[in-house]
Amino acid sequence: MMMMHRFSSALWFCAPFAVLLVLWAVLVPYFNVNPRLFPHLSSVFYAGIDGIRDGTLIQHIAASLWRVAVGTVLALLVAVPLGIAMGVSPFVSAFLTPLFRFFSVLAGIAWIPIATLWFGYGFGAITFIIFNAVFFIVTYNTLLGVSTIPLPVRNAAASLGAGKWAMLTEVLLPGALPNIVTGIRTGLGFAWRGLIAAEMIATNVGLGYMLFVARDFYKTEVIVLGMIVIGVLWLLLDRLLLAPLERATIERWGMVQRT
């Protein structure tokens, strides 16, 4: 029964994409659209086959995913401890909150020009962009998660002899974890967009770079292929990893019970 429900949900999720592909396959040839403006479905398909065959598409995908992974991990290593510190210390929170409100609107692609000056064109600049996109959102969500832990719970843990480490690992971190995972999911969405924008400017490999170069040669089939790959990768990352992780975390440590 559960397998049938998951299968029907998957079919329903894929249905609008199937309709879109059918419309694409029918309407573009019917209206004789110039391939320089928008490619035929078959052209995009063969462009994907060629990219896999010569390894360039795999290389671009691997470079983009690696940058996202590194930038996200670095952001989490800084954001989670800082968010917890802001959650337990009113002084730290009051001091840093104005800075976070100021820089939160600048997170992501607004940093691209200065990131290229600081780190040059390549891995460092793009990783910095991803770091910024994830850091502020995860920090704020960690602060929010710690702030929602009832004070009596903290006092009860302290009265039972919980030291600083036990308070962190057994009360604060588990209590904030649902918010942290939600922040990671949201932050990665912004990081993915920032990644593509940065790769168009600051590197010579990656999905964003693939789109940028294809434009110069009017290879619309490669541009559309890149857009499809970007969207599919994000859907896979979100649906297969982030959404289940968020749901499991909320069911385990949050207020939602498994049905």
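The table that follows gives values for the structure above.
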read-out	value
Given (1) at pLDDT below 95; (2) aliphatic (A, V, I, L, M); (3) part of a helix (DSSP H, G or I), index of the condition residue 74 fails	(1)
Residues of the range 235-251 that turn out to be farther than 19 Å from residue 192 by Cα and in contact (Cβ under 8 Å) with a residue 60 or more places away in the chain, as a count	2
Failed criterion for residue 229 (all others in (1) closer than 23 Å to residue 65 by Cβ; (2) in contact (Cβ under 8 Å) with a residue 60 or more places away in the chain; (3) surrounded by fewer than 16 Cβ atoms within 10 Å (Cβ to Cβ) hold)	(3)
Hey, residue 37 under 26 Å from residue 205 (Cα atoms), outside any helix (DSSP H, G or I) and touching a residue at least 12 places away in the same chain (Cβ under 8 Å) or not	yes
Answer residue from the range 208-226, given it is touching a residue at least 60 places away in the same chain (Cβ under 8 Å) and over 16 Å from residue 40 (Cα atoms) and is surrounded by the fewest Cβ atoms within 10 Å (Cβ to Cβ) among those	209
Matching option when the condition is within 21 Å of residue 175 (Cβ to Cβ) and either in contact with a Lys or Arg (Cβ under 8 Å, 6 or more places away or on another chain) or surrounded by 12 or more Cβ atoms within 10 Å (Cβ to Cβ) (or both), among 76, 65	76
Any chance residue 107 is assigned to a helix (DSSP H, G or I), surrounded by 14 or more Cβ atoms within 10 Å (Cβ to Cβ), in contact (Cβ under 8 Å) with a residue 12 or more places away in the chain and not charged (D, E, K, R)	no
Spans of helices (runs of 4 or more DSSP H) in the range 118-201 with at least 1 residues buried (at least 20 other Cβ atoms within 10 Å of the Cβ)	123-147
Boolean, residue 232 is more than 19 Å from residue 198 (Cα to Cα) and in a helix (DSSP H, G or I)	yes
One residue from 114, 137, 126, 180 being more than 23 Å from residue 88 (Cα to Cα) and either basic (Lys, Arg) or touching a residue at least 12 places away in the same chain (Cβ under 8 Å) (or both)	126
Breaking point among (1) buried (at least 19 other Cβ atoms within 10 Å of the Cβ); (2) β-branched (Val, Ile, Thr); (3) without any contact (Cβ under 8 Å) to a residue 24 or more places away in the chain, for residue 92	(1)
Evaluation of residue 127 against (1) under 20 Å from residue 193 (Cβ atoms); (2) modelled with pLDDT under 90; (3) among the hydroxyl-bearing types (Ser, Thr, Tyr) (one fails), failing number	(2)
Number of positions in the range 93-124 that are modelled with pLDDT of 85 or more and within 20 Å of residue 65 (Cβ to Cβ)	7
Condition met for residue 163 (out of contact with any helix residue (DSSP H, G or I) (no Cβ under 8 Å at 6 or more places or on another chain) and modelled with pLDDT under 90)	yes
Which listed residue is modelled with pLDDT under 85 and among the acidic types (Asp, Glu), from 221, 251	251
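The values are calculated or read from the model by the stated rules, or taken from the named source; none is laboratory data. Fair warning: this is a prediction, and the values are worked out from it, not measured in the lab. Reconstructed Cβ throughout: ideal geometry from the backbone, glycine too, with neighbour counts over all protein chains shown.
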